[in-house]
Structures are given as structure tokens and as C-alpha cells.
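Every number in this text was worked out from the coordinates using simple rules, so none of it is lab data. Worth saying up front: this structure is predicted, and the values here are computed from it rather than measured. Don't worry about glycine lacking a Cβ; one is built from the backbone with ideal geometry, like all the others, and counts go over all protein chains shown.
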Amino acid sequence: MAVSEAIGASRLDRTARVRALVIVPVFALCYVPLVFAGYALKEDLSSLTIIWPAAGVLLAVLFFSPLRLWPALAVTAVACEVAVGFAQSRGFSFIFPLANLTDGVVGAFLTRQFVPDPGSPRLRQVGAFVVTSAIGAATGALVGAWGAVHGLAIAPYWHQWQIWWAGNWLGSLTMAPVALT
């Protein structure tokens with residue numbers, strides 16, 4: 001019995017490694033166009049975006065991925081945002097990708113705690129998702145607004161926090177349910 005269990009565990013480890021090798025590049029292929037879309041939704045170079053669609057995909061991918069994959073997904077998300085920022089020749093700071101990453105990590109962690117079985121959604125779980133994604137967006141907005149005020153020298157901190165929070169939360173509310181289904 002021990003030999004068959006060891007063989008089964010070996011196959012599971014191999015399957016997990018292959019899945020990890022597929023998830024990260026597929027995530028990057030989905031994330032990059034959404035980052036471009038987020039930048040396209042800006043009014044001008046000195047303002048924040050009105051919706052950040054990439055936030056929802058990051059939240060959903062982290063939610064469904066094992067914790068051991070989170071570092072690779074985090075590095076991928078930051079690298080994608082930095083690459084798109086440089087590709088568009090925008091005044092760019094590492095604070096913005098870190099703020100978006102904070103949003104996704106906090107939102108996914110809390111959602112995992114309060115929505116344990118997404119396969120059979122109930123009204124309570126939908127409400128929990130709305131609240132946990134709002135908290136994740138609010139946490140990321142603390143960092144993003146600081147970067148906007150200090151890096152772009154625009155508008156007061158709490159105004160920037162509201163815009164950042166609303167943009168990322170809208171991104172989570174619109175994109176995460178699509179990705180979750």
C-alpha cells in the first residue's frame with residue numbers, strides 16, 4: 001500500500017508542477033491586456049484610472065491558486081505592470097504595481113477566508129465577496145494614493161484614495177465574477 005501511495009503522491013507533485021508552469025504564463029497573457037485597458041480608461045496622464053480591470057483577474061487567480069504559487073503570480077503581476085508602464089512611456093513608479101498587488105493579495109486572502117466554497121454560491125458568499133474585495137481595494141488604495149500624491153503631485157490624499165479604491169473595487173466587481181465562473 002505504501003508504494004502505491006508514494007507513486008500517487010509523485011504523480012500529484014508532477015501535476016502540480018505542470019499546472020504551475022501553465023498558470024503563470026496564462027495569467028500574464030490575460031493580465032497584460034487588462035493593464036493596457038486600465039491605462040486606456042484614464043482621462044489624462046495626470047489622473048488615476050476610473051476602473052482597473054486587472055484587479056479582478058489578479059484577485060480571482062490568487063483566490064484559486066495554491067499559496068505556494070502566490071509569489072510567482074505576484075512577481076508576474078508586478079512585472080507585467082512595469083512592462084506596460086514602460087511600453088507606454090508613462091511616468092512610472094513601482095508604488096502603483098505594489099498597490100495593485102496589495103489589493104489582490106488582501107482581497108484574495110480575505111475572500112478565501114469568507115467564501116470557502118465558490119462552487120455553490122449563496123447570497124452570504126456573494127455579500128462576503130463584495131465586502132472582502134472592497135477591503136482589498138481599500139488596502140491597496142492606501143498605498144496607491146500615497147504614490148499618486150507623492151509621485152504625480154495631484155489632488156489631496158483622501159481624494160486620490162477614493163479614486164484608487166473605487167477604480168480597483170470596480171475592476172474586482174466586474175472582472176472577478178467572470179473569472180470565477
**Prompt:** If you take the square roots of the eigenvalues of the alpha-carbon gyration tensor of the range 49-90 and sort them as a ≥ b ≥ c, do you get rounded (a/c under 1.5), prolate (a/b over b/c) or oblate?
**Reply:** oblate
**Asked** For the range 122-181, what does the equivalent ellipsoid look like in terms of its semi-axes, each the square root of 5 times an eigenvalue of the Cα gyration tensor, given largest first in whole Å?
**Response** 27, 10, 7
**Request:** Please compute P(r) over all alpha-carbon pairs of the range 80-181, binned at 10 Å starting from zero, and give each bin as a whole-number percent.
**Result:** 16, 42, 29, 12, 2
**Complete:** Descending packing, highest mean Cβ count within 10 Å first, for 134-146, 155-167 is 134-146, 155-167
